[in-house]
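Comments concern the structure below.
Every number in this text was worked out from the coordinates using simple rules, so none of it is lab data. None of the values given here were measured: they were computed from a predicted structure. Backbone-built Cβ (ideal geometry, glycine too); neighbour counts: all protein chains shown.
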Amino acid sequence: MGIIAWIIIGLLAGLIAKAIMPGKDPGGIIITMLIGIAGGLLGGWLGKVIFGVDSIDGFFDLSTWIAAVIGSLILLVLYRVIAGNRRRA
């Protein structure tokens, strides 16, 4: 897949992760999109390392989307924990 496909998957995975985990996030939509892009990469890497599968087969494969959304959820949780602690300090 090309970089444009990764960006599109990441943007949509970030939106899906935000829909699954609604709430007030510091940073807004731009940060959510960046988290989605990074989460897609993280999800693909984790799928390969943990399960030994190539979870990034193609744009329309379900495994690609599941990996991207799971990676985005992980990063969204981490971002909320880190950003939430900064806001309280």
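Among 62-70, 74-82, how do they line up by average Cβ neighbours within 10 Å per residue, starting with the highest? Working shown, then result.
Details: 62-70: 20.3, 74-82: 15.7.
In descending order of packing, they fall as 62-70, 74-82.
Packing-based ranking of 29-38, 15-24 yields 29-38, 15-24, ordered from highest to lowest mean Cβ neighbour count within 10 Å.
Assuming 0.36 nm per residue, please report the length gained on full extension of the stretch residue 8 to residue 61 beyond their Cα-Cα distance. Write out the running numbers ahead of the final one.
Values: separation 53, 0.36 × 53 = 19.08 nm, distance 1.40 nm.
Difference between extended and current length: 17.7 nm.
With 0.36 nm allotted per residue and the present C-alpha distance subtracted, the residue 31-residue 51 stretch has 4.3 nm of extension available.
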